[in-house]
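Scroll down for the structure; my scribbles are underneath it.
The values are calculated or read from the model by the stated rules, or taken from the named source; none is laboratory data. Computed from a predicted structure; not experimentally measured. Heads up, the Cβs are rebuilt from the backbone with ideal geometry, glycines too, and the neighbour counts pull from every protein chain shown. Areas reflect the complete protein model, heavy atoms only, side chains present, ligands, DNA and RNA absent. Shrake-Rupley method; radii C 1.70, N 1.55, O 1.52, S 1.80 Å.
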Amino acid sequence: MSGDGHRADPATSSAGRRWIPALLALAVVLVLLAGLGVGTALQAPSFARSVGLPVSLLGGEAAEPPDPSTPRLRLAAAGAEAPVPTEAGLATALDTRAAALGDLTGAVVDPATGTTLWNRRSSEPQVPASVTKLLTGTAALLRLDPTMRWTTTVVAGPTPDSVVLVGGGDPTLSSLPAGQRTVYPDAARLDDLVTAVTAARAGQPATKRVYVDVSRYENGGGNGVAPGWDPTDVAGGFVAPIVPVMLDGGRSDPTQLDIPRTSTPATDAARELGRRLAAGGTAPTATVGTAPPGAPVLGQVVSPPATELVRTALQNSDNVLAEALGREVARTVGLPTTFDGAARAVTQVLGEAQIDTTGVTLADTSGLSVNDRVPATALSGVLAPAAAPVGTDPRTAALRPLLDGLPVAGGGGTLADRYTPGTPAADGRGWVRAKTGTLTAANALAGVVGTADGRVLVFSFMSNGVDPGSARPRLDALAAALHDCGCR
């Protein structure tokens, strides 16, 4: 099974640290504010510019500020002026802790130089779990237009009393009314689609049938479930069958991340559209169908932009959203929009960007499959250019948002309830930013951290064969140890 915590929690940092560069200190301040429900003022475009991120990530100069209870942390990597840890220093800090993690592989890399400072069989492929999303997010950032939005459309049906819901790839479309928060920030709303369709069909016969067109994705001989997925994950709230249109990622409760999902997300969306179009009358029937060529458009709504979708997929470890992003990458490179096609597309795009994919074998793009294999070198290969100082790597500009999507230890996303005070990992609280990965016997943590001397390091740790209850706190302690030491 796969799952991570999502409870919000304030972050703290330990006292007695040496001087830290201003940007890293700012990271802790932001996490503290996040836990206290403060931070709206920090979203101004001037703040985005000051940390090296484009204003477009904030929605433009006139963007409405987000709700204060869900601040969005926007950080750039620090420079390369701080002292570099030595290999011997890192070995002293990490080797003993690593020994308790069984079949651990991993690497620690200095992103400013690309030098590997600590290596433990990092080229050996392991079951990666959800750190796979780092590869998917990277491919999406490299290949997709950052302003790309998925469009969900309703067109006229083959008969005057029918309409067709055309899936455009957006799994974040929400059934909740405007103003009610869902697990997907800034999601499009079904009610807006209903309003547009109702106005466009004024004077037409009442809607008696709603078709749903899922042809954007190729079936590939499957049922929307990837090879290697545990059936309990599909039923238990971690994923739904992958189709190009669904409401709230198929969740039974749009406000809860890990909640039972529907096994028929496309027809459920069509059924709910029909129910709202009927406005209390007889609900239309809902069935899969294809939009007639050239059918008039009755209404459209759009998703958040691609950069925000990547961020949400990483923060919440959202399997459905990661699979949708993988299929969009497949479309851009001309591969089939299937699990296999999306997996091949992600690997292809990474290779074209000179990221070493040796040993990478993917059955999906979310990491939920036990058939996936990824070495730590591939994880370091995407994180290092994302964290590199500005101007040192041509890939950095495109990949910097990958850091923004990483959960903050003790501060949010899938690290919100980890790095708790009083544990061996507590000193990493607010300093570690990392993507988590958890399956029954596969655990991973990969991200960035600042040392006590202020040097930014990239780390990727993967442990197979140890149960999550034992592995996760030890992985957390490994990353925290990188922050505790200057390691020189």
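Here is how the numbers come out for the structure above:
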item	result
Extreme residue, nearest to the chain's Cα centre (by Cα), among residues of region 152-168 that are of a type outside the set (A, V, I, L, M) and surrounded by fewer than 23 Cβ atoms within 10 Å (Cβ to Cβ)	Gly168
Index of the failed condition, Val370 passing every other in (1) surrounded by fewer than 19 Cβ atoms within 10 Å (Cβ to Cβ); (2) farther than 30 Å from Glu352 by Cα; (3) of a type outside the set (Asp, Glu)	(2)
Set Arg143, Arg181, Arg121, Arg149: member being at positive phi and open to solvent by 10 Å² or more (accessible area, probe 1.4 Å)	Arg121
Only one of Val458, Val382, Val449, Val390 that is at pLDDT 95 or above and farther than 29 Å from Ala363 by Cβ	Val449
Filter result for Thr337 (in a loop (DSSP other than H, G, I, E, B) and in contact (Cβ under 8 Å) with a residue 24 or more places away in the chain)	yes
Positions within region 440-455 being assigned to a strand (DSSP E or B) and open to solvent by less than 10 Å² (accessible area, probe 1.4 Å), in sequence order	Ala442, Asn443, Ala444, Leu445, Ala446, Gly447, Val449, Gly450
Some residue of region 235-244 being modelled with pLDDT of 95 or more and touching a Leu at 6+ places or on another chain (Cβ under 9 Å)	no
Qualifying residue in region 465-475 (condition: touching a Ser or Thr at 6+ places or on another chain (Cβ under 9 Å), open to solvent by less than 10 Å² (accessible area, probe 1.4 Å) and among the charged types (D, E, K, R))	no
Test: residue in region 472-484 that is on the phi < 0 side of the Ramachandran plot, of a type in the set (A, V, I, L, M) and not in a helix (DSSP H, G or I)	no
Residue match in region 87-102 (condition: buried (at least 24 other Cβ atoms within 10 Å of the Cβ) and among the β-branched types (Val, Ile, Thr))	no
Top-ranked residue of region 343-358 - restricted to ones that are touching a residue at least 40 places away in the same chain (Cβ under 8 Å) and buried (at least 22 other Cβ atoms within 10 Å of the Cβ), ranked as nearest to the chain's Cα centre (by Cα)	Val346
Candidate set: region 190-230, residues that are among the hydroxyl-bearing types (Ser, Thr, Tyr) and over 31 Å from the mean Cα position of the chain (by Cα); chosen: the one most open to solvent (accessible area, probe 1.4 Å)	Thr198
Odd one out for Asp427, checked against (1) more than 27 Å from Ala140 (Cβ to Cβ); (2) among the acidic types (Asp, Glu); (3) not in a helix (DSSP H, G or I)	(3)
Failed criterion for Asp186 (all others in (1) outside any helix (DSSP H, G or I); (2) on the phi < 0 side of the Ramachandran plot hold)	(2)
